[in-house]
1. What nm value, rounded to one decimal, do you get for the distance between residue 54 and residue 151 when each label is placed 7 Å out toward the C-beta?
2. Measuring from centroid to centroid over Cα atoms, what is the spacing of segment 45-70 and segment 84-129 in Å?
3. Which length gain, in nm to one decimal place, applies between residue 95 and residue 142 when the Cα-Cα distance is subtracted from 0.36 nm times their residue separation?
4. Please report the relative contact order for segment 45-109, taking Cα pairs under 8 Å with a sequence separation of at least 6, and give it as a percent rounded to a whole number.
5. Each label point is 7 Å from the Cα along the Cα-to-Cβ direction; what then is the distance between the points at residue 62 and residue 15, in nm?
């Protein structure tokens, strides 16, 4: 039976690199990193077969990226539908680098996007996380395999990613980013400042 499948990968930006990305992308904050990994168990002990991911990534490119509607949310909802009121980013590009799905993502000037940007500026380590519908099969004592009925819905930004090394980095359009840069995993930070940051944003926007 199909269920909502959520899987994560981690991500951290510095104030300097954020400012550089905005300056070199005409005011847009664009980040890049690993979105998903094939044939490897993630932190939820789920494995996504490469053949299934290739199919879903191709569908995502054709049906969403090429139509400029590859939207994602800040934190996962318990739904297979993207809620426009909580959209924080748009995926501009995805490609395969070995067994990794690497993506380029624009942080949008929406309420959720502004919170996402503020979290990055505060040095909070976030992650990118896939959301989809599908079933799983036990293939080992501590390992589940995602089945062929998997449907990819979106990639969201979250506080605790499950795909190892799925932290994103800011990029400049036209700059080549190495696989080592994309897949390096920074040390996770504490998230104690998140509520204060979000509260400040809400108070500022209400004035």
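Nothing in this text is a laboratory measurement; each read-out follows from the coordinates by a stated rule. All values derive from a computational prediction rather than experimental measurement. Cβ placement follows ideal geometry from the backbone for every residue including glycine, while neighbour counts extend to all protein chains displayed.
1. 2.3
2. 16
3. That pair, residue 95 and residue 142, stretches by 14.0 nm at full extension.
4. Numbers: 66 pairs, mean separation 16.4, N = 65.
Answer for segment 45-109 is 25 percent.
5. Result for the modelled spin labels: 4.7 nm.
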